[in-house]
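The values are calculated or read from the model by the stated rules, or taken from the named source; none is laboratory data. Since the model is a prediction, treat every value here as computed from it, not as a measurement. Here the Cβ is made from the backbone with ideal geometry for all residues, glycine too, and neighbour counts use every protein chain on show.
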Amino acid sequence: MSDHDFDSPLGDSSGLFDAELRDEIVNKIHVETVLNETDISVQLREQRIRAAGFIGGGLVAAVVVLGVGFFGIKSIRAYIDANTFIVRAEHYSFAVGDRYTYAVSQDGEFLLDSYLVVEEEIVRGEHSIFRVELIAPGAMDTYYWSVRKDGFYQFLSPDDAHPQVYIPFPMKSGKKWKALVYPSDRYSYAKQAVNTEFRAGKEMTLQLPYGEVVCIEITVQEPGEDEVRTLWIAEEAPIARLVVDPDDPSFVAELKSIDKVPK
């Protein structure tokens with residue numbers, strides 16, 4: 001048995017842990033540990049910075065892409081609108097004394113001239129409604145036109161809650177809509193509105209007595225009815241062409257001339 005007391009600390013003479021060596025080892029371990037922790041912290045910080053930079057760069061790139069996409073879409077829409085025939089509210093203005101002349105024909109044979117003449121301006125609230133008289137040999141009728149920001153209205157009476165015809169603005173080919181309308185005087189008198197379907201067909205260039213006119217075909221069909229009424233709208237007039245008799249598509253009234261009152 002060795003005479004060394006295991007309960008007492010190892011002496012400097014043990015040769016296992018020289019005091020200076022021991023201090024040096026302990027200090028080195030501490031220093032290296034601190035350095036390692038510092039290195040790790042620095043590395044983590046650098047990684048976080050790189051990650052933040054990556055994420056930030058990605059967000060910037062995403063914003064740029066979205067921005068380009070957004071403005072690209074706006075540009076595409078602007079291009080399409082610039083190259084698409086669109087009828088807008090600003091294309092129309094009416095004044096008392098304006099006259100629209102139509103050539104009525106059947107099977108391509110001229111029959112007579114008819115006229116739509118603006119006879120009176122009626123103000124209802126913020127809207128102007130123009131009384132338009134249809135004048136033709138053996139026939140007379142009255143309509144009321146109103147151009148508003150949201151569309152063109154043709155009423156049977158200036159006090160009607162619903163129009164006979166409603167064409168929303170801006171109007172372009174391919175549009176479909178429904179509107180409560182009074183199809184005829186009978187419905188207007190009874191205050192019985194009908195939810196009617198409207199369709200805008202393709203734009204087309206028509207050779208009218210007035211000249212070459214770009215139009216959009218509008219069809220009107222009441223629910224449950226086979227009869228389809230057809231008219232063509234143009235920048236020059238809300239009615240550039242009209243099928244007079246739905247049972248005979250060759251029986252038409254076509255714009256012949258426009259006489260506007262000088263402003």
Point to revise | So Pro183, is it surrounded by fewer than 17 Cβ atoms within 10 Å (Cβ to Cβ) and more than 23 Å from the chain's Cα centre (by Cα) | key: no
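Here is a yes/no grid of residues against (1) outside any strand (DSSP E or B); (2) under 21 Å from Glu236 (Cβ atoms); (3) within 33 Å of the chain's Cα centre (by Cα):
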| site | (1), (2), (3) |
| --- | --- |
| Ala95 | yes, yes, yes |
| Tyr100 | no, yes, yes |
| Leu112 | no, no, no |
| Glu119 | no, yes, no |
| Val123 | no, no, yes |
| Val132 | no, yes, yes |
| Ile135 | no, yes, no |
Review point. Got at least one residue in region 154-161 being among the acidic types (Asp, Glu), surrounded by 15 or more Cβ atoms within 10 Å (Cβ to Cβ) and over 21 Å from His91 (Cα atoms)?
Key: yes
Practice item. Kindly check whether there is at least one residue in region 124-138 that is acidic (Asp, Glu) and at pLDDT 95 or above. Key: yes
Point to revise | Unmet requirement for Val252, which otherwise passes all of (1) modelled with pLDDT of 95 or more; (2) not in a strand (DSSP E or B) | key: (2)
Check your understanding: Is at least one residue of region 156-169 within 27 Å of Glu121 (Cβ to Cβ), touching a residue at least 24 places away in the same chain (Cβ under 8 Å), among the aromatic types (Phe, Trp, Tyr) and assigned to a strand (DSSP E or B)?
Key -> yes
Check your understanding: Can you tell me which of Tyr153, Tyr189 is among the aromatic types (Phe, Trp, Tyr), in the same structural domain as Asp113 (by TED's automatic domain parsing) and free of Cβ contacts under 8 Å to residues at least 12 places away in the same chain?
Key -> Tyr189
Check your understanding: Filtering region 215-234 down to residues that are modelled with pLDDT of 95 or more and either outside any strand (DSSP E or B) or within 22 Å of the chain's Cα centre (by Cα) (or both), which residue is surrounded by the most Cβ atoms within 10 Å (Cβ to Cβ)?
Key -> Cys215
Practice item. Could you tell me whether region 114-126 includes any residue that is crowded, with 19+ Cβ neighbours inside 10 Å and within 26 Å of Ala190 (Cα to Cα)? Key: no
